Amino acid sequence: MQQRAIDTALTALTGTALAGMLVVGVAVESAHGAPADKPMAHKATSQEVTGHHTATTHHTTGKAAPKTHAVLSGSTTASYFWDDGSGVNGDTGAPASGKPMQKGMFASPSWPMNTKVKVSYNGHSVTGFVGDRGPGEPSHRGVMLDLDTYTFRTLVDGKKPASKYDTGTSQGHLKGVKYQVLSWGHGAGTKGAPKPLG
């Protein structure tokens, strides 16, 4: 009888403590800007800060992707490049923006420099910025984005390239890459639908 009374008291005490922790947890979440009546959404993202820009890679996790408000969206065929001015493997020189070549740097034949763009393909997405001009002649055949080798490989299969100059895949172009312009840059270029170079 005495043990039963002790067990009952412990159960009541444990329940009260757990309820108190739950209330504290909800209060903390609410203090950080999350509505108390809605669960916090968690997503798998990895960010790499390079230079003055952040390249963000999103991988599909079965949860709803964060909503983005695009000022322009569409799809195109994308190629890849890595131009750092070294002259290696057809390198044509340093990026037109004057910023160093980096992960998350894209080349557009017409968009303003520093335009923020999200690209998606095969369940993967990367957010980067326009930091160079290109592709050149291929833009007249509908290839309207040149992606750095890291972004290109991420979109193919979520892996890393063999090197900065080699994606490590047999693919040279990706058809149907979706793009979302998240904000226009203030550098040289033209807002609106991509136009071929020259």
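The values are calculated or read from the model by the stated rules, or taken from the named source; none is laboratory data. The structure displayed is predicted, hence computed values, not measured ones. In this analysis, Cβ positions are derived from the backbone assuming ideal geometry, glycine residues included, and neighbour counts consider all displayed protein chains.
Return yes or no: is His140 in contact with a Leu (Cβ under 6 Å, 6 or more places away or on another chain), within 24 Å of Val71 (Cα to Cα) and modelled with pLDDT of 95 or more? Steps first, please.
Numbers: in contact with a Leu (Cβ under 6 Å, 6 or more places away or on another chain): no; within 24 Å of Val71 (Cα to Cα): yes; modelled with pLDDT of 95 or more: yes.
No, not satisfied.
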For residues in the stretch 154-167 being over 13 Å from the mean Cα position of the chain (by Cα) and either charged (D, E, K, R) or under 22 Å from Val181 (Cα atoms) (or both), which is surrounded by the most Cβ atoms within 10 Å (Cβ to Cβ)?
Val156
Looking only at the stretch 170-198, count how many residues are modelled with pLDDT under 95 and assigned to a strand (DSSP E or B).
0
I'd like to check something: does the stretch 84-93 contain any residue that is outside any loop (DSSP other than H, G, I, E, B) and under 21 Å from the mean Cα position of the chain (by Cα)?
no
Take the residues in the stretch 110-120 that are assigned to a loop (DSSP other than H, G, I, E, B) and surrounded by fewer than 23 Cβ atoms within 10 Å (Cβ to Cβ), then tell me which one is farthest from the chain's Cα centre (by Cα).
Ser110
Matching residues in the stretch 149-169 - criterion: being farther than 14 Å from Phe81 by Cα and assigned to a loop (DSSP other than H, G, I, E, B)
Gly158, Lys159, Lys160
Looking at (1) out of contact with any helix residue (DSSP H, G or I) (no Cβ under 8 Å at 6 or more places or on another chain); (2) assigned by TED's automatic domain parsing to the domain that holds Phe81, which one does Thr190 not meet, given that it meets all the others?
(2)
Over the stretch 121-148, the set of residues buried (at least 22 other Cβ atoms within 10 Å of the Cβ) and in a helix (DSSP H, G or I) is Ser139
